[in-house]
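Written below as structure tokens is the structure these notes are about.
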Amino acid sequence: MSVSERRQERWRESLDKRLGSVIVIGEAIYRRHNVSAILRSAESFGLHEVHLVSRGFRPSKGAARGSERWMELHRHTDTTTAVRALQARGVKVYAADLRPGAVSPVDVPLDGPIAVLFGSELNGVSDEARGVVDGFLTVPMSGLTESLNVSVAAAVMLYVLSDRRRRQLGRPGDLHPDQIEATFARWLAREDKAAIGLAARVGEPDDEDEALWSEALPCPT
């Protein structure tokens, strides 16, 4: 086996702290640097699941720092499909938007799993997204600047939501045991393949890696 026992222990420790109940959706984010930065923030805060509305994705090596390799990624060709799939699992989906009535991540209800949809840098979330989400989130600002870069806004929101969720749970993570075992097995298989030269080195894919994309598992409630 190519993975040391110590590294496997670190994987187990990380998976025990993962949150499956705070989910990220990236919609048509044109600059891969920004979506890569969102992935890095999400993984750093211990989030597990990301949905990208995109026909293809190559992470920016410097911004992502390999974070995409440790997350459960799902790809969709349109926003409605992505949102409806999560809502069917009992997930409340909120769009990050400067919109009247948008609530702060400090105040949004966390009585169940939640997903936050981040739109493009140029136009924000789409009208399609606004028509299907359950509500809207914004970062309250006191300065003269009226907006944040999408990756910065994502980092602020995801930190607040993940911290609130852990406090509510009274424990560091909430992944279902089946998700933990499936993810551990996937990581182990990937590392074994990489060790014999059948996959790109972790964190440095030259092209889009089909092995990144996952099938959804039931979301914790």
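The values are calculated or read from the model by the stated rules, or taken from the named source; none is laboratory data. Please read these numbers as outputs of a predicted model, since none were measured by experiment. Heads up, the Cβs are rebuilt from the backbone with ideal geometry, glycines too, and the neighbour counts pull from every protein chain shown.
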Checklist outcome for this item: Going through segment 10-22 in order, the residues found to be among the acidic types (Asp, Glu) and at pLDDT below 95 are none
Checklist outcome for this item: Of the listed residues (32, 65, 69), the one being surrounded by 16 or more Cβ atoms within 10 Å (Cβ to Cβ), at positive phi and either in contact with a Leu (Cβ under 7 Å, 6 or more places away or on another chain) or modelled with pLDDT under 95 (or both) is 65
Next on the checklist: Condition (residue is at pLDDT below 90, among the aromatic types (Phe, Trp, Tyr) and more than 29 Å from residue 169 (Cα to Cα)) applied to segment 51-60: is it met by at least one residue?
Outcome noted: yes
Checklist entry - Considering only residues of segment 176-198 that are under 17 Å from residue 5 (Cα atoms) and of a type outside the set (A, V, I, L, M, F, W, C), which is modelled with the lowest pLDDT? => result 192
Checklist entry - Within segment 102-110, can one find any residue that is within 15 Å of residue 79 (Cβ to Cβ), crowded, with 18+ Cβ neighbours inside 10 Å and of a type in the set (A, V, I, L, M)? => result no
Checklist outcome for this item: Picked from segment 112-150 (must be modelled with pLDDT under 95, in a loop (DSSP other than H, G, I, E, B) and among the charged types (D, E, K, R)), the residue farthest from residue 37 (Cα to Cα) is 146
